[in-house]
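> My structure is below; once you've seen it, I'll send some questions.
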Amino acid sequence: QVQLVESGGGLVQPGGSLRLSCVASGSIFSIEVMGWYRQNPGKQRELVAQVSSGGLLTYGDSAKGRFAVSRDNAKNAVYLQMNSLQPEDTAIYYCHTYSRDSGDSVVKGSWGQGIQVTVSS
């Protein structure tokens, strides 16, 4: 079982910035992918950004050029720097990981509880 704790959300004005953090703990042997998704009511969960253990970065279209994802393997943490925020970015943001609890186990997905980001003047 993996626990993901998110922080850094809140209210910000249009054009402002926020930095989200996620720290993973629990039964972790390795983390293959760490990243962020977001979701609004009535919509599907959307990939924002993620980074693999090898450093491969993937961004959703809405994040390209504005957001930056990074990872600290020693801390089992992933960060999302969000710049030039707009009202359309308002959503609940969820940390997500694919991880293993042993060297020969299958990869399992884990979700954080989600953290609110609101962009409004």
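> Restricting to region 1-35, give me the number of residues that are within 16 Å of Asn73 (Cα to Cα), outside any loop (DSSP other than H, G, I, E, B) and polar (S, T, N, Q).
4
> Can I ask one more? Just a yes or no: is a residue in region 59-80 in contact (Cβ under 8 Å) with a residue 24 or more places away in the chain and among the charged types (D, E, K, R)?
Narrowing region 59-80 to residues in contact (Cβ under 8 Å) with a residue 24 or more places away in the chain: 62, 69, 71, 73, 75-80.
Of the ones still in play, those that are also among the charged types (D, E, K, R) are 71, 75.
Yes; the residues of region 59-80 include at least one that is in contact (Cβ under 8 Å) with a residue 24 or more places away in the chain and among the charged types (D, E, K, R).
> Next question, about the same structure. Can you tell me which residues in region 13-33 are over 14 Å from the mean Cα position of the chain (by Cα) and hydroxyl-bearing (Ser, Thr, Tyr)?
Scanning region 13-33 gives Ser17, Ser25, Ser27, Ser30.
> Output the number of the condition that Ser27 fails; it satisfies all remaining conditions of (1) open to solvent by less than 50 Å² (accessible area, probe 1.4 Å); (2) among the small types (Gly, Ala, Ser); (3) closer than 15 Å to Gln1 by Cβ.
Among (1) open to solvent by less than 50 Å² (accessible area, probe 1.4 Å); (2) among the small types (Gly, Ala, Ser); (3) closer than 15 Å to Gln1 by Cβ, the lone unmet condition for Ser27 is (1).
The values are calculated or read from the model by the stated rules, or taken from the named source; none is laboratory data. All of these numbers come straight from a predicted model, not from anything done at the bench. For neighbour counting, all protein chains shown are included, and Cβ atoms are generated from backbone atoms with ideal geometry for every residue, glycine included. Side chains included, ligands, DNA and RNA excluded: accessible areas come from the protein's heavy atoms. Shrake-Rupley method; radii C 1.70, N 1.55, O 1.52, S 1.80 Å.
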